[in-house]
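Engineer: After the structure tokens below, expect a handful of questions from me.
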Amino acid sequence: MQVAIVKYNAGNIYSVVNALKRLGVDPLLTDDPEQLQKADRVLFPGQGEARGAMEYLKAHRLDEVIRSLRQPVFGICVGQQLLCKHSEEGDVDCIGIFDAEVKRFSPIRHEDKVPCMGWNVLRFAQNEKLFEGLCDPYVYFVHSYYVPICEETVAVADYILPYSAAMHKDNFYACQFHPEKSGKAGERIIKNFLEL
């Protein structure tokens with residue numbers, strides 16, 4: 001199986017590479033459209049800022065390539081946000097797979113810190129293959145922006161308010177948390193994605 005990781009100007013790619021290698025997969029890190037289209041699975045991870053990431057993706061026409069993919073695609077963290085239609089971060093239009101707007105957390109109480117950093121429990125749709133074999137797992141989050149609960153939400157986390165911790169539409173899967181930093185639960189989620 002050929003697994004490709006979208007190479008663009010968003011950090012955190014090497015922790016995803018290492019997570020895949022622990023599962024016995026040697027991924028291809030590429031921004032080549034043909035390689036991405038030929039891959040059996042595509043991961044779209046990221047950390048960083050939405051506007052700069054979208055400018056890079058558009059300049060290299062990777063937004064169009066990602067939109068055209070028909071194999072299973074997995075957006076992680078900023079990758080999930082960029083798969084939505086718009087982000088408040090930099091007020092930028094994104095790829096538009098999910099019909100959702102990315103919002104910035106607004107603290108309500110003194111103890112509400114932004115960014116949200118740390119472990120949180122997932123509540124998820126029981127039939128979702130991405131979470132097969134898991135029950136209320138704890139996973140690791142680092143983010144200042146979130147996707148509100150919407151039609152494509154398949155897992156919810158709660159920080160200041162309930163929000164989309166994971167999403168699914170057609171061949172596109174996405175999570176706000178970092179499965180590559182979420183221990184055994186995260187490893188199982190990545191394995192489930194590879195086995196879709």
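Engineer: Would you tally the residues in the range 162-182 being in contact (Cβ under 8 Å) with a residue 24 or more places away in the chain, part of a strand (DSSP E or B) and either farther than 14 Å from Gly75 by Cα or within 12 Å of the chain's Cα centre (by Cα) (or both)?
Structural biologist: Within the range 162-182, residues that are in contact (Cβ under 8 Å) with a residue 24 or more places away in the chain, part of a strand (DSSP E or B) and either farther than 14 Å from Gly75 by Cα or within 12 Å of the chain's Cα centre (by Cα) (or both) number 10.
Engineer: To continue, here is another question. In the range 136-145, is there at least one residue being under 17 Å from Leu196 (Cβ atoms), within 17 Å of the chain's Cα centre (by Cα) and touching a residue at least 12 places away in the same chain (Cβ under 8 Å)?
Structural biologist: no
Engineer: For Arg123, only one of the following conditions fails: (1) crowded, with 22+ Cβ neighbours inside 10 Å; (2) more than 15 Å from the chain's Cα centre (by Cα). What is its number?
Structural biologist: Exception for Arg123: condition (1).
Engineer: Next question. If a residue has to be in contact with a Lys or Arg (Cβ under 9 Å, 6 or more places away or on another chain) and either under 14 Å from Ala100 (Cβ atoms) or without any contact (Cβ under 8 Å) to a residue 40 or more places away in the chain (or both) to count, how many in the range 146-161 make the cut?
Structural biologist: 9
Engineer: Can I ask one more? Which of the helices (runs of 4 or more DSSP H) contained wholly in the range 44-144 include at least 3 residues that are in contact with a Gly (Cβ under 8 Å, 6 or more places away or on another chain)?
Structural biologist: 50-59, 78-82
Engineer: Related question: Would you pick out the residues in the range 6-22 that are out of contact with any helix residue (DSSP H, G or I) (no Cβ under 6 Å at 6 or more places or on another chain) and either within 19 Å of Ile95 (Cα to Cα) or of a type outside the set (Ser, Thr, Tyr) (or both)?
Structural biologist: Those that are out of contact with any helix residue (DSSP H, G or I) (no Cβ under 6 Å at 6 or more places or on another chain) and either within 19 Å of Ile95 (Cα to Cα) or of a type outside the set (Ser, Thr, Tyr) (or both): Val6, Lys7, Gly11, Asn12, Ile13, Val17, Asn18, Leu20, Lys21, Arg22.
Engineer: Here is a follow-up. Consider Val78 against the criteria (1) surrounded by fewer than 22 Cβ atoms within 10 Å (Cβ to Cβ); (2) modelled with pLDDT of 95 or more; (3) of a type outside the set (S, T, N, Q): it satisfies all of them except one. Which criterion is unmet?
Structural biologist: So the condition that Val78 fails would be (1).
Engineer: Looking at Phe131, Phe193, Phe98, which is the one that is touching an Asp or Glu at 6+ places or on another chain (Cβ under 6 Å), crowded, with 18+ Cβ neighbours inside 10 Å and not hydroxyl-bearing (Ser, Thr, Tyr)?
Structural biologist: Step by step, each of Phe131, Phe193, Phe98 is checked, and only Phe98 is touching an Asp or Glu at 6+ places or on another chain (Cβ under 6 Å), crowded, with 18+ Cβ neighbours inside 10 Å and not hydroxyl-bearing (Ser, Thr, Tyr).
Engineer: While we're looking at this one, here's another question. Identify all residues within the range 101-115 that are surrounded by 14 or more Cβ atoms within 10 Å (Cβ to Cβ) and at pLDDT 95 or above; write none if there are none.
Structural biologist: Across the range 101-115, the qualifying residues are Glu101, Val102, Lys103, Phe105.
Engineer: Also, I was wondering about something else. For the range 1-26, enumerate the residues that are of a type in the set (S, T, N, Q), open to solvent by less than 30 Å² (accessible area, probe 1.4 Å) and modelled with pLDDT of 95 or more.
Structural biologist: Within the range 1-26, none qualify.
The values are calculated or read from the model by the stated rules, or taken from the named source; none is laboratory data. A quick note: this is a predicted structure, and the numbers were derived from the prediction, not measured. For neighbour counting, all protein chains shown are included, and Cβ atoms are generated from backbone atoms with ideal geometry for every residue, glycine included. Side chains included, ligands, DNA and RNA excluded: accessible areas come from the protein's heavy atoms. Shrake-Rupley method; radii C 1.70, N 1.55, O 1.52, S 1.80 Å.
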